[in-house]
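**Q** Structure below; questions to follow.
Quick note: the coordinates plus some simple rules give every number you see, no bench work behind them. Computed from a predicted model, the values in this text were never measured in an experiment. When we count neighbours, we look across all protein chains shown, and the Cβ atoms used for this are built from the backbone with ideal geometry, even at glycine.
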Amino acid sequence: MKDLIRVGTGVKLLDDGLEGGVPKGSWVVITGEPGTGKSILCMHYAYAGLMVGDPVIYVTTEAEFRDVVRQARQFNINFEEFNSYYLGDERPEKPPQLVVIDIFSLLKTAKQLSAEAEELERKRRYAALDIETLIAAVNEAYRVLGLVDERHKSPLKHVRLVVDSISAFWADKPAMARKYSYQFKIATHRENVTALLVSQYAMTTKSVTADSKVIVKTLNEVRVLPVGDLFLELKTSNGLVRTSNYEVVNVDGIYTPSLGDDLTIRWCGVYSLIRSRCDSPIYEVVLDGGGRLELTGDHALYIVKNGSVEPIETRMLRPGDLVVGSDGDLLKDLSNGLEVDVRPIRVVGINRIANAQQYVYDLSVDPYENYVVNGVVVHNSTFGFGLEHIADGILHLWMDNVEDVKEVRRYLIVKKMRITNHFRGTYRVEIVPNKGMVLTKM
């Protein structure tokens, strides 16, 4: 599109593969394990913005910004060339070029929000890593940069927002990732804001056992089969991304039943299937009517409580709880093009099975990140995947299993980018002194 403004990432070959860069106003998520280069890509993006006159808001929860500055200097990225301001310090006389929001800034913001709540006779105590604290900090950064005022609530000039990493704001409650990321985007996204959000793509053992039955639809058929069998089929045809902790099959053209915000179940796209080794206990959940399912203790189901639906870890379930399941003949209704209402199913027993080495599995489903197992809705558990549904673009980084290849081999792929005919192949990633991230098409 000729009238579309592109925002450069600071990595030339990546920009070439994005038809010139990220579409202005996009929210792009960088996913990947620790050590794959996510933070370095953030440095490139922020520095490229400063070099062309874009103000930058840089949120860092993984390191102090002085450490970011020190590391960036190794790649000829010099943030000290620009006027910086740490949110929470004394307000600068003139707008800076770079506003830094680190863990100390967030702590100061949380204390201020808590004090304001007390003045309003509310009991709320904010924490540094509350999503509400992050929202307040970013909105204050817009004001510090002189981009908004009483008349203009949306930034008057283009600004780059970096959050490294946003996963920290739901680290202790990953089932809330979708809700919090949606809340953050609604509160802070504006037409003149192009964001890069880092999501730690690290597997936990929050998964279901191999014989758990899932429903999948392709162009040709609808099937009910054990998730372990589905993984083996797709592994053969699609290949794997393998690390020391998990195996991922990226898929396309496969759909599974998923619970929407309106509490109906409909077909949604599966974009990956994950298998990981589990050493922790497995819990058997026995349901009224004879149904049962087996999950790890920290997987999330949905329960009906106080008139609403909310996620809960398996180990926190109790007999008498009502989990969310399908209403009627799910497979028949979906095959007829209907959206299926949910129904509560009573838990009658929970049995803890002794630790055993086995594989456990998870589906990644767009956009709701949940799926149906043995007639019950379970939440996707890949840490950080909750951001997928709000993303206009996804840049995924990974590395080979170093125990197998005996060296660090990093890769990058553009999983999606809206209104962009992007490069669909894989880039080999090298982290080079004095240059930073260097890509090569494979």
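**Q** Would you mind pulling out the separation of the Cα centroids of the stretch 314-346 and the stretch 96-110, in Å?
**A** Spelled out, the Cα-based centre of one part sits 44 Å from the other.
**Q** Place the peptides 223-235, 52-64 in order of packing, highest mean first, counting for every residue the other Cβ atoms within 10 Å and averaging per peptide.
**A** Taking the mean over residues of other Cβ atoms within 10 Å, the ranking is 52-64, 223-235.
**Q** Something else: Any of 416/441; 38/157; 12/435; 38/179; 179/217 with alpha carbons more than 21 Å apart? Name them for me.
**A** Where the Cα-Cα span goes over 21 Å, the pairs concerned are 38/157; 38/179; 179/217.
**Q** Positive end of the charge dipole of the chain (Lys, Arg +1 and Asp, Glu -1 on Cβ, about the Cα centre): tell me which of 286, 319, 234 has its Cα farthest that way.
**A** Checking the options against the dipole of the chain, the answer is 234.
**Q** Let me ask you something else. Quick one: which of 100-109, 151-160, 5-14, 261-270 comes out on top by average Cβ neighbours within 10 Å, and what's the full order, highest first?
**A** Top of the packing list down: 100-109, 5-14, 261-270, 151-160.
**Q** Just how large is the dipole of the chain about the Cα centre, in debye to the nearest 20, putting +1 at every Lys and Arg Cβ and -1 at every Asp and Glu Cβ?
**A** Using Cβ point charges on Lys, Arg, Asp and Glu, the chain gives about 520 debye.
**Q** Rounding to the nearest 20 debye, state how big the charge dipole of the stretch 208-382 is about its Cα centre with +1 on each Lys and Arg Cβ and -1 on each Asp and Glu Cβ.
**A** Approximately 400 debye in magnitude.
**Q** For the chain, modelled as a Gaussian network with Cα springs under 10 Å, which listed residue fluctuates most, 185, 213, 332?
**A** 332
**Q** Which angle from 0 to 90°, rounded to the nearest 10, does the C-alpha axis of helix 38-51 make with the longest principal axis of the chain?
**A** 30 degrees
**Q** If packing is taken as the mean number of other Cβ atoms within 10 Å per residue, what is the order of 91-98, 358-365, highest first?
**A** Descending packing order for the listed peptides: 358-365, 91-98.
**Q** Take every DSSP beta bridge whose two residues both sit in the chain, then give the antiparallel share in percent to the nearest 5.
**A** Here the antiparallel bridges make up roughly 75 percent for the chain.
**Q** Relative contact order, percent, of the chain when contacts are C-alpha pairs under 8 Å separated by at least 6 residues?
**A** It rounds to 19 percent for the chain.
**Q** If neighbour count is taken as other Cβ atoms inside 10 Å, put 278, 42 in order from fewest to most.
**A** The fewest-first ordering by Cβ neighbours comes to 278, 42.
**Q** Taking the radius of gyration and the Kirkwood hydrodynamic radius from Cα positions alone, what is the Rg/Rh ratio for the chain, to two decimal places?
**A** 0.98
**Q** Over the stretch 208-382, what is the relative contact order in percent, taking alpha-carbon pairs closer than 8 angstrom and at least six residues apart?
**A** For the stretch 208-382, the relative contact order is 27 percent.
**Q** Let me ask another. Tell me the GluC sites (Glu not before Pro) within the stretch 258-348 that lie in a loop according to DSSP and have at most 14 other beta-carbon atoms within 10 Å.
**A** For GluC sites (Glu not before Pro) across the stretch 258-348 that sit outside H, G, I, E and B with at most 14 neighbouring Cβ atoms in 10 Å, the list reads 339.
**Q** Name the shape class, rounded, prolate or oblate, that the alpha-carbon gyration tensor gives for the stretch 208-382, where a ≥ b ≥ c are the square roots of its eigenvalues, rounded holds for a/c under 1.5, and otherwise prolate holds if a/b is larger than b/c and oblate otherwise.
**A** Since a/c reaches 1.5 but b/c is at least a/b, the shape of the stretch 208-382 is classed as oblate.
**Q** Quickly estimate the mean residue ellipticity at 222 nm for the chain, helices only: each DSSP H run with n ≥ 4 gives -39500 (n - 2.57), and the total goes over all residues, rounded to 500.
**A** Rounded to the nearest 500, the figure is -6500 deg cm²/dmol.
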